[in-house]
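What follows is a short report on a single structure.
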Amino acid sequence: MTSKLLFHDVHAILIPENISKTRIDIMRQRLTEKGGTVVTSTSTKVTHIITAHQCLHQVLGFLKLDTLPPDCKVVSPDFIAKSIQHGCLEHSGCEVQFIEPALPKKTESVIRVLDSDEELSEAETEPLDDYEQQLMESMWSESQAATTETDNEFENPPSIYSEATNAEATSNSNQTERKKIIIPEALLRYMNASPNSSENKNQHITDEFTRLVKRAETEGNQWRIRSYKKAVKIISKLSFRIMSKEDVKGLKGIGKNMTLKIEEILRTGYSLKAHTIPEKFGPLEKFKNIYGVGEKIAEKFYTIGYRTLEDVKSKATLTRDQQLGIKYYDDFLQRIPRSECSKIAEFVTKMVHELDANLICRMMGSYLRGSETCGDVDFMITDPNGLPNEGLLESIVLKLKNVGFILENLSSPASEDGHERIWRGICKLAGVGIARRIDILIVPFDELGAATIYFTGNTEFNRCIRLLARKMGYSLNQHGLFRKGPNGEKTLVASKTEQEIFDILGVPWKPATERNI
DNA sequence: TAGCAGTGTAA
DNA sequence: TTACAC
DNA sequence: GCTA
Ligand SMILES: O=c1ccn([C@H]2C[C@H](O)[C@@H](COP(=O)(O)OP(=O)(O)OP(=O)(O)O)O2)c(=O)[nH]1
Ligand SMILES: [Mg+2]
């Protein structure tokens with residue numbers, strides 16, 4: 001055995017708030033079995049604070065301190081798993097970047113929300129009750145954390161999160177028939193954090209289903225694509241090997257058709273449909289891989305009689321984006337190794353800081369979620385002093401062009417009214433022979449929370465949490481969480497931190513790596 | 001059988 | 001409006 | 001594609 005264990009020098013405080021008890025237990029176990037020490041008080045040496053909080057005042061409130069202990073790193077809960085995975089203490093990407101709401105007027109805004117709930121209650125948007133309690137509890141637990149006393153050390157994650165479920169909350173759910181808010185299945189799995197690290201026990205099935213995803217993608221039926229993707233997730237997370245169709249009966253997301261497919265795979269070893277690909281799918285897939293070409297245009301090309309990229313290049317009328325899509329066709333088919341992403345992140349951050357050292361620049365998307373390869377690189381830049389300078393985006397892009405990093409512009413959304421700016425383009429890191437897609441978002445500090453949720457993803461996570469918001473009478477986009485009024489007006493409820501948005505929706509905050517749902 | 005996220009550009 | 005992208 |  002190695003002489004020193006991984007966490008030998010780690011003396012960590014685990015802050016259980018907004019982390020499930022199961023997860024805390026596992027973290028504590030992993031930590032101690034690899035030589036770490038879990039401490040419960042700041043009177044002894046502390047090297048790490050592990051927390052799901054994003055606000056310094058929440059951490060300090062829990063610890064009942066005015067300042068952080070010296071030489072102490074504050075890291076997110078995935079620090080332990082990541083360190084174990086990498087075999088070394090993995091601080092990068094785990095250190096919490098604190099975000100403080102400019103005005104902690106949370107109570108006020110939440111109460112306002114509840115008021116409007118009351119008014120709306122007969123209009124037919126009608127959360128309330130369990131949900132109201134959740135809101136109250138969130139408020140309560142937060143103010144408590146900020147002032148005193150979370151009575152004892154560990155346990156006491158806000159009880160709301162202990163077991164999220166869509167089951168009938170029988171106890172006090174009578175009164176009027178109010179529409180139940182159904183939490184999307186995928187989001188439920190996120191909330192109930194099954195650290196089910198065991199491997200996929202049904203790979204023979206998910207491999208076939210992954211082929212069906214691909215097939216659906218070239219077909220272009222977005223709902224079928226989504227359904228199969230969901231099914232792959234569900235099946236790959238099962239704790240047992242599927243032996244018969246009985247095993248999947250009742251699994252939400254696996255319906256009649258998929259059950260048949262599973263039966264077929266169990267019986268024959270494969271899905272016929274996954275392996276019988278019509279000839280036209282080849283060309284269609286080729287065309288669809290052009291940036292700016294989707295299912296419809298691919299189909300159009302095929303109908304016209306095009307079969308190869310050469311056909312398209314020489315005969316088709318292309319938009320500018322599509323022309324660039326052809327120019328960089330091979331490059332864009334290649335995924336970006338995480339190591340290259342890291343270099344790009346470092347480089348871009350350096351450039352940005354040369355313009356203004358105060359700016360916050362983070363790589364988002366699949367990189368933030370820990371993917372080993374990424375389809376593109378996504379940057380979010382914000383000025384913690386408030387509104388981003390007019391022209392900041394242009395300065396950044398210009399600078400990156402001048403140093404030869406940015407090669408091309410793609411069409412990008414314009415400032416949709418507010419102060420958010422979006423830029424899309426193509427870049428290439430010196431020493432790397434492959435051009436990459438890059439997205440840059442400039443967000444006003446006020447919208448950082450909402451923008452972070454959006455740009456962290458993944459797409460499925462966003463769609464689920466947005467759907468939940470909608471069912472609860474809100475609307476969530478990259479600018480904020482809005483309450484929907486009776487006449488369709490939307491009033492901003494929260495946007496500054498992920499925490500406040502998650503709190504209102506009753507969803508526990510978890511680090512990006514947990515959002516690959 | 002309707003609904004499945006929300007927002008923006010190009011044509 | 002439709003198609004495509006994030 | 002699946003669900004309510
Ligand atoms: O339809 C979409 C596409 C993207 N996003 C958000 C979530 C996503 O994480 C982020 C960045 O988009 P991108 O397309 O880069 O996805 P990714 O998650 O970074 O994956 P990839 O590795 O393909 O870049 O924007 C959405 O909300 N809806
Ligand atoms: Mg990305």
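The values are calculated or read from the model by the stated rules, or taken from the named source; none is laboratory data. What you see is a predicted model, and the numbers here were worked out from it, not measured in a lab. Here Cβ is always computed from backbone atoms with ideal geometry, including for glycine, and neighbour counts include all displayed protein chains.
When A:LEU398 is tested against (1) within 14 Å of ligand 1 (Cβ to nearest atom); (2) over 23 Å from the mean Cα position of the chain (by Cα); (3) over 21 Å from A:PHE332 (Cα atoms); (4) not β-branched (Val, Ile, Thr), exactly one condition is not met: (1). Answer yes if at least one residue in region A:402-418 is in a helix (DSSP H, G or I), at pLDDT 95 or above and assigned by TED's automatic domain parsing to the domain that holds A:LYS343, and no otherwise. Scanning region A:402-418, I find at least one residue that is in a helix (DSSP H, G or I), at pLDDT 95 or above and assigned by TED's automatic domain parsing to the domain that holds A:LYS343, so the answer is yes. Looking across region A:372-390, the residues that are surrounded by fewer than 19 Cβ atoms within 10 Å (Cβ to Cβ) and within 16 Å of ligand 2 (Cβ to nearest atom) come down to A:GLU372, A:THR373, A:GLY375, A:ASP376. Given the criteria over 27 Å from A:PRO283 (Cβ atoms) and in contact with a His (Cβ under 9 Å, 6 or more places away or on another chain), does A:CYS341 qualify? Here the answer is no, as A:CYS341 does not meet what is asked.
Being outside any helix (DSSP H, G or I) and either without any contact (Cβ under 8 Å) to a residue 12 or more places away in the chain or near ligand 1 (Cβ under 10 Å from one of its atoms) (or both) is the filter here; which residues of region A:437-473 pass it? Correct list: A:ARG437, A:ILE438, A:ASP439, A:LEU441, A:GLY457, A:ASN458. Of the helices (runs of 4 or more DSSP H) lying entirely inside region A:222-323, the ones with 3 or more residues being at pLDDT 95 or above and away from DNA strand C (no atom under 16 Å from the Cβ) are found at A:222-236, A:256-268, A:272-275, A:309-315.
Here A:THR491 meets each of (1) β-branched (Val, Ile, Thr); (2) away from DNA strand C (no atom under 14 Å from the Cβ); (3) assigned to a helix (DSSP H, G or I) with one exception, condition (3).
Each residue in region A:403-436 was checked for being surrounded by 20 or more Cβ atoms within 10 Å (Cβ to Cβ), within 12 Å of DNA strand C (Cβ to nearest atom), of a type outside the set (Val, Ile, Thr) and farther than 19 Å from A:GLY391 by Cβ, and 1 of them qualify. Looking only at region A:381-394, decide whether some residue is away from DNA strand B (no atom under 16 Å from the Cβ), at pLDDT 95 or above and more than 24 Å from A:PHE455 (Cα to Cα). For region A:381-394, residues away from DNA strand B (no atom under 16 Å from the Cβ), at pLDDT 95 or above and more than 24 Å from A:PHE455 (Cα to Cα): absent. Within region A:430-447, is even one residue more than 19 Å from A:LEU368 (Cα to Cα), in contact with a strand residue (DSSP E or B) (Cβ under 9 Å, 6 or more places away or on another chain) and within 16 Å of ligand 2 (Cβ to nearest atom)? Yes, some residue in region A:430-447 is more than 19 Å from A:LEU368 (Cα to Cα), in contact with a strand residue (DSSP E or B) (Cβ under 9 Å, 6 or more places away or on another chain) and within 16 Å of ligand 2 (Cβ to nearest atom).
Within region A:217-228, is even one residue surrounded by 12 or more Cβ atoms within 10 Å (Cβ to Cβ), within 30 Å of A:ILE326 (Cβ to Cβ), away from DNA strand D (no atom under 16 Å from the Cβ) and among the aliphatic types (A, V, I, L, M)? Checking region A:217-228: not a single residue is surrounded by 12 or more Cβ atoms within 10 Å (Cβ to Cβ), within 30 Å of A:ILE326 (Cβ to Cβ), away from DNA strand D (no atom under 16 Å from the Cβ) and among the aliphatic types (A, V, I, L, M). Within region A:243-250, can one find any residue that is free of Cβ contacts under 8 Å to residues at least 12 places away in the same chain and closer than 30 Å to A:GLU279 by Cα? No, region A:243-250 contains no residue that is free of Cβ contacts under 8 Å to residues at least 12 places away in the same chain and closer than 30 Å to A:GLU279 by Cα.
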